[in-house]
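Please treat every number below as a calculation from the coordinates, not as lab data. Small disclaimer: the values here were computed from a predicted structure and weren't measured. Neighbour counts are summed over all protein chains in view; Cβ atoms, including those assigned to glycine, are modelled from backbone coordinates with ideal geometry.
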Amino acid sequence: MTRHPTDQPRTRGASKLAAFLRQERADRPHASTLALQSRPKPRADAARKASEYLRIARADAD
């Protein structure tokens, strides 16, 4: 016969806390991910060329 669930020893406190903290940390983005997302994005050559052509065209129109 097995013990009643409330008669079990209470040794799971630390492991339960560790599992909870692991889940909480998994929900938040990692610091390295946030650092990568905050980096400035390099502009492509095509976008840079288009903006320069537009700038020149605006100067010629004046």
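Legend: Rg and Dmax of the chain, from Cα coordinates, 29.3, 95 Å. For the chain, complete DSSP H runs whose alpha carbons reach 15 Å or more along their own long axis and whose mean Kyte-Doolittle score is -1.0 or higher are 13-27, 45-61. Taking Cα centre as origin and charging only the Cβ of basic (Lys, Arg, +1) and acidic (Asp, Glu, -1) residues, the dipole magnitude of the stretch 5-60 rounds to 100 debye. Our helix-only sum for the chain, with -39,500 (n - 2.57) per DSSP H run of n ≥ 4 divided by its residues, gives a mean residue ellipticity at 222 nm of -20500 deg cm²/dmol.
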